[in-house]
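J.: The structure that follows is given in the form of structure tokens.
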Amino acid sequence: MLGVIAGFSVVWVVILTGFAVGRANVLGPEGSRALSRLAFFVASPCLLLETLSRSDLAVIFSDTLIVAAVSAVVTAIVFLLIARLWLKRDLSDALIGSMSSSLVNSANLGLPVAAYVLGDATLVAPVLIFQLAFFSPVYLMLLDSNTSRHRTTVFSFLFQIVRNPMIIGTGIGLLLAVTGWQPPELVMEPIRLIGGAAVPAMLIAFGISLNGSKPLQAGGGRRVDVLLGSAFKLVLQPAVAYLVARFALGMEGHLLFSAVVLAALPTAQNVFVTAQRYERGIIIAKDTVLLTTIVAVPAMMGLAALLA
């Protein structure tokens, strides 16, 4: 578990740095929003393109991918139905809540957990690629369509898709992976350099946003969404992953443990970036990221004890 603690420590140091930056008002009142937009429109598309272009499609399309996909989709759909039918949230808030309950922190926490806890960094690759290439783009398309100020038609929907920078980066990266062609290093090095700013920008923006706000405040009107989303993320999603991996795919031992642990990772910080980008569900995203990131370590320890 030292690997888990080390991975989380790195994340919290950067978040606390952002908190200190916000406390000192270094970037002004719009600092968090500016960094989030930088991550969404510039850095993250470069990170997606560079990461996906080097991916091994044979590793991606494996049993681990099936477990990641089914557990995430089932969790997301159940939350979305509850948010819409029981909590009566509008579609945008429900989508952000659904995203918060099912999108795992597969990059800056998944990689160290896979390397130091599971013993193989490549185990997280199917989860990472599924989210980058398929799951996140679906959410972005739905949010684009729902937040558009104009009447959505087939053509306007397609136009919103092709102009979304995250989806553009994903598409180009997958195209490069399928064809096997790599652009010259002179082209890829700036993309790699800009993409490296994505995760720090997300974490610092998140840290800045924590100034002057307390999680789970009743005044925010979204306490139920946050608690439900956190429970889904840390309990329901790994439970579904276990059922699919153990009984549907026959996975055992270390592979079974790996699939369940990866499903129990906390909510990804880019959910908060997405919420800020569309100006919907910001409280839900921020509080769920914070709560799941705090509780994830003891949750993983409990899973290790149960599956030992």
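The values are calculated or read from the model by the stated rules, or taken from the named source; none is laboratory data. This is a predicted model, so every value here is computed, not measured. In this analysis, Cβ positions are derived from the backbone assuming ideal geometry, glycine residues included, and neighbour counts consider all displayed protein chains.
J.: Report the residue count in region 213-240 for those that are under 19 Å from Thr293 (Cβ atoms) and small (Gly, Ala, Ser).
T.: Count: 5.
J.: Still on this structure, please answer the following. Just the residues that are within 20 Å of Leu123 (Cβ to Cβ) and either buried (at least 21 other Cβ atoms within 10 Å of the Cβ) or within 15 Å of the chain's Cα centre (by Cα) (or both), please, taken from region 49-72. Give the derivation first.
T.: Of all residues in region 49-72, those within 20 Å of Leu123 (Cβ to Cβ) come to 51-52, 54-72.
Answer for region 49-72, where residues must be within 20 Å of Leu123 (Cβ to Cβ) and either buried (at least 21 other Cβ atoms within 10 Å of the Cβ) or within 15 Å of the chain's Cα centre (by Cα) (or both): Thr51, Leu52, Thr64, Val67, Ala68, Ala69, Ser71, Ala72.
J.: How about region 192-202: which of its residues are β-branched (Val, Ile, Thr) and modelled with pLDDT of 90 or more?
T.: Of all residues in region 192-202, those β-branched (Val, Ile, Thr) come to 194, 199.
Scanning region 192-202 gives a single hit, Ile194.
J.: Restricting to region 169-191, name every residue that is of a type outside the set (A, V, I, L, M) and within 23 Å of Phe134 (Cβ to Cβ).
T.: Gly169, Thr170, Gly171, Gly173, Thr179, Gly180, Trp181, Gln182 - these are the residues of region 169-191 that are of a type outside the set (A, V, I, L, M) and within 23 Å of Phe134 (Cβ to Cβ).
J.: Also, quick follow-up: When you go through (1) more than 17 Å from the chain's Cα centre (by Cα); (2) crowded, with 19+ Cβ neighbours inside 10 Å one by one for Ala20, which number turns out not to apply?
T.: Against the list (1) more than 17 Å from the chain's Cα centre (by Cα); (2) crowded, with 19+ Cβ neighbours inside 10 Å, Ala20 comes up short only on (2).
So that you can scan it fast, the table gives a plain yes or no per residue for (1) in a helix (DSSP H, G or I); (2) of a type in the set (Val, Ile, Thr); (3) farther than 13 Å from Ala68 by Cα:
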{"position": "Gly229", "(1), (2), (3)": "yes, no, yes"}
{"position": "Gln237", "(1), (2), (3)": "yes, no, no"}
{"position": "Gly250", "(1), (2), (3)": "no, no, yes"}
{"position": "Ala275", "(1), (2), (3)": "yes, no, yes"}
{"position": "Ile284", "(1), (2), (3)": "yes, yes, yes"}
{"position": "Thr288", "(1), (2), (3)": "yes, yes, yes"}
{"position": "Ala296", "(1), (2), (3)": "yes, no, yes"}
{"position": "Ala305", "(1), (2), (3)": "yes, no, yes"}
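J.: Next up: Only residues that are at pLDDT 90 or above and surrounded by 15 or more Cβ atoms within 10 Å (Cβ to Cβ): list them for region 173-191, please.
T.: Of everything in region 173-191, those that are at pLDDT 90 or above and surrounded by 15 or more Cβ atoms within 10 Å (Cβ to Cβ) turn out to be Leu176, Met188, Ile191.
J.: So, restricting to helices (runs of 4 or more DSSP H) that lie completely within region 1-111, which ones have at least 2 residues that are closer than 20 Å to Val271 by Cα and in contact with a strand residue (DSSP E or B) (Cβ under 9 Å, 6 or more places away or on another chain)?
T.: In region 1-111, the matching helices (runs of 4 or more DSSP H) lie at 63-85, 91-102.
J.: Right, here's the next one. What are the residues in region 222-240 that are charged (D, E, K, R) and surrounded by 24 or more Cβ atoms within 10 Å (Cβ to Cβ), if any?
T.: Within region 222-240, Arg222, Asp225, Lys233 meet the criteria.
J.: Name the residues in region 182-210 that are more than 22 Å from the chain's Cα centre (by Cα) and either farther than 12 Å from Leu52 by Cα or not in a loop (DSSP other than H, G, I, E, B) (or both), would you?
T.: Passing the criteria: Pro183, Pro184, Glu185, Leu186, Val187, Met188, Glu189, Pro190.
J.: A further question follows. Taking region 93-143, which residues are of a type in the set (Ser, Thr, Tyr) and at pLDDT 85 or above?
T.: If the condition is that a residue be of a type in the set (Ser, Thr, Tyr) and at pLDDT 85 or above, then Ser98, Ser100, Ser101, Ser102, Ser136, Tyr139 are the ones that fit.
J.: Also, I was wondering about something else. With respect to Ala69, is the statement that it is in contact (Cβ under 8 Å) with a residue 12 or more places away in the chain and either more than 30 Å from Met251 (Cα to Cα) or not small (Gly, Ala, Ser) (or both) true? Step through it out loud before you land on a result.
T.: Details: in contact (Cβ under 8 Å) with a residue 12 or more places away in the chain: yes; either more than 30 Å from Met251 (Cα to Cα) or not small (Gly, Ala, Ser) (or both): no.
No, not satisfied.
J.: Of the conditions (1) buried (at least 16 other Cβ atoms within 10 Å of the Cβ); (2) under 29 Å from Leu143 (Cα atoms), Glu279 satisfies every one except a single condition; which number is it?
T.: Going through the list (1) buried (at least 16 other Cβ atoms within 10 Å of the Cβ); (2) under 29 Å from Leu143 (Cα atoms), Glu279 breaks only (1).
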